[in-house]
1. Hey, got a sec? Which trypsin sites (Lys or Arg not before Pro) in region 84-161 land in a DSSP loop and have at most 16 other Cβ atoms within 10 Å?
2. Report the extension gain between ASP291 and ASP50 in nm, rounded to one decimal, defined as 0.36 nm multiplied by the number of residues separating them, less their alpha carbon distance.
3. Return the calculated 222 nm mean residue ellipticity for the chain, to the nearest 500 deg cm²/dmol, obtained by summing -39500 (n - 2.57) across DSSP H runs with n ≥ 4 and dividing by the residue count.
4. Rounded to the nearest 5, what % of DSSP beta bridges with both residues in the chain are antiparallel?
5. Mind listing P(r) for region 211-317? All alpha-carbon pairs, 5 Å bins, whole percents.
6. LYS240 to LEU11: FRET efficiency via 1/(1 + (r/R0)^6), r the Cβ-Cβ distance, R0 51 Å, to the nearest 0.05?
7. Applying a 10 Å radius around every beta-carbon, put 2-8, 308-314 in order of their mean neighbour count, most first.
8. Could you compute how fast region 117-191 diffuses translationally, taking Rh as the Kirkwood radius over C-alpha pairs and applying Stokes-Einstein at 4 °C with viscosity 1.567 mPa s? Give it in µm² per second.
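The values are calculated or read from the model by the stated rules, or taken from the named source; none is laboratory data. This is a predicted model, so every value here is computed, not measured. Glycine gets a Cβ as well: all are built from the backbone with ideal geometry, and neighbour counts include every protein chain shown. Just the protein is used for accessible areas: all its heavy atoms, side chains included, with ligands, DNA and RNA removed. Shrake-Rupley method; radii C 1.70, N 1.55, O 1.52, S 1.80 Å.
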Amino acid sequence: MRPYTTGNDALDRLISELVAAAGDGAQEDLVKELVVSAIKLYRDHADRGDVKLINAAVKELRYSTLIFSKYRDVPKVTVFGSARVDEHDSNYRLALEFARQMVDERGWMVVTGAGPGIMQAANEGAGADQSFGVNIRLPFEDSANPFVDAERTINFKYFFTRKVGFIKESHAFALFPGGFGTMDETFELLTLVQTGKSDLHPIVLLEADGTGYWEAFNDFVRRDLLENGLISEHDLSLYKTTSSASDAADEISHFYANYRSQRYVDGRLLIRLRTAPTQAQLANLNEQFVDIVASGEIAVVDPTPAEIKDNDSLEDARIALQFNRRSYGRLRQLLDSLNALVEPQPVVHPPPTFNV
């Protein structure tokens, strides 16, 4: 790729000098590009409203990244759901119990939208010390619930930057009954994993017994989407539905029983694992998942030069495949098969970070 510059040599030298003077050299190339983008935007005579939007988005994302970076080694589950239910609602109590189990029994932290209802229940169950609030400033709801500390509350003006904060920082997602916002978050999550724009994560739809919310959703997905050929049968593997807090916690933990993380290098998908499959297990995987391998076979490999250069998960085992980049429901089934190769563990932590 051509260097990303302003096109003015003198100006580019000034940018290089400014960035060198401002930091320690880490990520210097990308920081230069950020400054170049700001200069280009200025030169474009962009509308003031556009500049304000881009400026606010960058500032919000920078601050969110800073706050979460202090807890990078702790796995996090994001909880979505209605702001309108009260503490007597059965789904409120379920969200509280689920969050409590994830913190007390699994060693995770909990992220919510910081509002009332299901969000408050999850923060209450987790406790303020183990909670994050990713708050959206709304005219009718602009303050965080009382179970989130100010030091782990992040305020956003825009929904789109807030969604990036949720998805980039979370290792799992639990969705409870809710309104338009919850539906938006549900379909966006499923779209991101179905298209490969996000790494695969465990997505669990929870509802209290007898409420029927996700039952109606599943009926719609099967009747109107699957039966009309708008999704594939394998896409149903991208999420699970339950009314049990412990089953939801088990589903999330089991996703990381063996699986650690993924990365593409030179077109190959690398799946990092705690334990590599044996030759017999590998042969079985190649037979079972031949449909998602564009060429060659699934193979156990050593860390690649690119991973070694980045010091990226070098302690993990890994397999590699020429994934077709289309069948993400089947890829999820492959991860399930890899996780089934190891003995269940009472507490399983995912790796500290994910590729985004």
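1. ARG84, ARG137, LYS157
2. The ASP291-ASP50 span can extend by a further 82.2 nm.
3. Numbers: 12 runs with 150 residues, N = 356.
Per the formula, -13000 deg cm²/dmol.
4. 45
5. Final binned percentages: 2, 9, 14, 15, 16, 15, 13, 9, 5, 1, 0.
6. Numbers: r = 53 Å, r/R0 = 1.04.
Between LYS240 and LEU11 the formula returns 0.45.
7. In decreasing order of mean packing, 2-8, 308-314 become 308-314, 2-8.
8. My calculation gives 99 µm²/s for D.
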